[in-house]
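Student: The structure follows.
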């Protein structure tokens, strides 16, 4: 989802529309350059990142760290 900076800026607004007041969303990101903009856009949209967990990923010779963000309304 965060492949492009435009998506990182748009996603928080969409999440806010789809989440109930007590709802949570999970977004996984493998360290894309748009991740900081996504975090900033969440705050601007009235959303809070309440947890961030990093999980290792391996497929053959590919090694990555995947960040999983838990998001809720402020």
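The values are calculated or read from the model by the stated rules, or taken from the named source; none is laboratory data. Just so it is clear, the structure is predicted and the values come from calculations on it, not from any experiment. Here Cβ is always computed from backbone atoms with ideal geometry, including for glycine, and neighbour counts include all displayed protein chains.
Student: Is it fair to say residue 53 is assigned to a strand (DSSP E or B) and free of Cβ contacts under 8 Å to residues at least 40 places away in the same chain? Spell out how you get there, then give the answer.
Tutor: Details: assigned to a strand (DSSP E or B): yes; free of Cβ contacts under 8 Å to residues at least 40 places away in the same chain: yes.
Yes; evaluated as a whole, the condition is true for this residue.
Student: Continuing with the same structure: For segment 25-45, which residues satisfy the criterion of being in contact with a strand residue (DSSP E or B) (Cβ under 7 Å, 6 or more places away or on another chain) and not in a helix (DSSP H, G or I)?
Tutor: Pass one, segment 25-45, residues in contact with a strand residue (DSSP E or B) (Cβ under 7 Å, 6 or more places away or on another chain): 25-31, 35, 39, 42.
Across segment 25-45, the qualifying residues are 25, 26, 27, 28, 29, 30, 31.
Student: So, one more: Check 22, 48 and return the single one that is out of contact with any helix residue (DSSP H, G or I) (no Cβ under 9 Å at 6 or more places or on another chain), at pLDDT 95 or above and either surrounded by 12 or more Cβ atoms within 10 Å (Cβ to Cβ) or not in a helix (DSSP H, G or I) (or both). Don't jump to the end; show me each part of the working.
Tutor: Values: 48 fails: out of contact with any helix residue (DSSP H, G or I) (no Cβ under 9 Å at 6 or more places or on another chain).
None of the other options fit; the residue is 22.
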